[in-house]
Amino acid sequence: MSNGKKRLLTGLQPSGQLHIGNYFGALKPFIDRHSEFESMLMVADYHALTSLKNPAELKKNTLDVVLDYLGAGLDPKEAVIFRQSEVSQHTELAWIFECLVTVPFLQQAHSYKDKVAKGMEANAGLFNYPMLMAADILLYDTDLVPVGKDQAQHIEYAREAASKFNNAFGETFKDPKGIFLEEVATVPGTDGQKMSKSYGNTIPLFGTKDEISKAVMRIVTDSSGERPANVYSIHRLLKSEAELAPLYEEKKGKYKDLKEALIEDLESFIAPMRERRERYASDRPAVDAILKEGNEKARSQAEAKMKVVREKIGLTI
Ligand code: TYM
């Protein structure tokens with residue numbers, strides 16, 4: 001980077017309400033670092049199209065995700081916020097990568113296989129999704145990508161795309177080795193499996209207190225232990241072991257009390273973010289201006305990189 005800062009980039013799909021798994025897996029690690037890096041936060045609306053075919057919903061979700069980013073504490077002066085579909089260079093580069101990797105290689109993607117196994121349509125966009133994600137990352141010479149563990153393989157796919165391109169056409173993309181944040185784990189849902197919209201086990205990030213309470217009360221507890229593992233693991237996202245020890249000692253075996261304590265802690269954690277989100281939601285022109293500026297900045301950087309790419313592959317005469 002010209003100012004010596006490294007590049008931080010991530011994206012979230014506007015495919016529904018964000019949950020605390022998205023927050024702790026990607027958004028928080030991004031926000032914690034975004035001032036130290038040259039940061040870009042993308043709304044992965046083309047990725048959402050692999051599952052969502054409802055224009056009104058896509059529009060609503062897109063605005064919601066931008067408000068979620070800002071509500072969660074993203075400083076728009078410190079990061080570029082942009083929409084993937086506003087920067088056509090992403091789909092252009094994805095096509096180029098698709099011509100370099102093989103079908104058997106893409107067939108090994110766990111995420112694709114899981115989604116199809118869960119009944120999602122096996123459309124070609126879903127199949128090629130890792131190459132669009134590789135383009136998202138590689139277009140901006142990214143150094144660090146905060147994502148949850150479920151996306152780790154996709155980072156490897158980006159690595160492979162970079163390497164295939166560099167081998168075929170000469171050094172162009174930085175090897176994105178080590179761009180995965182190792183400490184980032186998988187946030188469990190209310191049933192102890194990975195928190196995921198498609199499992200119906202989420203705690204909404206910007207839910208009302210009532211929605212959060214209902215989700216917490218649904219947390220599955222077994223009757224054998226004194227400390228309900230599924231309650232505790234979500235609680236640990238908010239407080240340290242030392243902070244939680246006295247509470248879990250005092251309320252041993254009292255699952256309802258522990259759930260109520262978790263609701264209170266979630267509420268105090270989310271309330272200030274919810275307020276900030278509401279302030280942005282009531283100032284739509286400001287949000288539009290942030291996005292417009294972000295889209296333009298992303299587009300100009302992406303175009304500079306694509307000029308080099310087109311040159312290398314002979315798409316110029
Ligand atoms: P998406 O929209 O499915 O999820 C957004 C982010 O949330 C993380 N996440 C979790 N982390 C921990 N525990 C969980 N239970 C949990 N559930 C979701 C995801 O790992 C992800 O980081 N393909 C990406 C979006 C994307 C992207 C990119 C990310 C498109 N282009 C370029 C980084 C760089 C996706 O579908 O994430």
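All of the numbers you see were taken from the coordinates with simple rules; none came from a lab. Everything quoted here is computed from the prediction, not taken from an experiment. Ideal geometry is used to build each Cβ from the backbone, glycine not excepted, and the neighbour counts take in all protein chains shown.
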Task: Packing rank of 232-245, 293-306, where each peptide gets the mean count of other beta carbons within 10 Å, highest leading - done: 293-306, 232-245
Task: Along each principal axis, Cα extent of region 206-277, largest first, Å - done: 40, 25, 15
Open item on the list: On a straight-distance basis, which lysines could pair with Lys292 in a cross-link, Cα separation under 16 angstrom, same-chain partners fewer than 8 positions away excluded?
Closed with: Lys59, Lys77
Task: For Gly11, distant residues with modelled amide H under 5 Å away - done: Met42
Open item on the list: What's the ranking of 83-90, 100-107 by average number of surrounding C-beta atoms within 10 Å, highest first?
Closed with: 83-90, 100-107
Open item on the list: I'd like the distance separating the alpha-carbon centroids of region 241-308 and region 1-61, in whole Å.
Closed with: 12 Å
Task: Inter-label distance, nm, simple model (7 Å from Cα along the C-beta direction), Lys77/Leu52 - done: 3.1 nm
- [ ] Could you tell me which of rounded, prolate or oblate describes the chain, using a ≥ b ≥ c as the square roots of the eigenvalues of the alpha-carbon gyration tensor, with rounded for a/c under 1.5 and, failing that, prolate when a/b is larger than b/c and oblate otherwise?
- [x] prolate
Open item on the list: I need the phi-derived Karplus couplings for region 9-23: 6.51 cos²θ - 1.76 cosθ + 1.60, θ = phi - 60°, integer Hz, Gly and Pro marked x.
Closed with: 8, 8, x, 10, 7, x, 9, x, 5, 5, 10, 5, x, 4, 5
Open item on the list: Just to verify a number: FRET efficiency for Gln193 and Asp32, C-beta to C-beta distance, R0 = 35 Å, to 0.05?
Closed with: 0.85
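Quickly estimate the mean residue ellipticity at 222 nm for the chain, helices only: each DSSP H run with n ≥ 4 gives -39500 (n - 2.57), and the total goes over all residues, rounded to 500.
Values: 13 runs with 166 residues, N = 317.
Result for the chain: -16500 deg cm²/dmol, rounded to the nearest 500.
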TODO: Rank-order 116-125, 275-284, 167-176 by packing density, defined as the average count of other C-beta atoms within 10 Å over each peptide's residues, highest first.
DONE: 167-176, 275-284, 116-125
Task: Top positive-direction residue, dipole computed over region 239-317 with Cβ charges, set Gly253, Asn295, Leu266 - done: Asn295
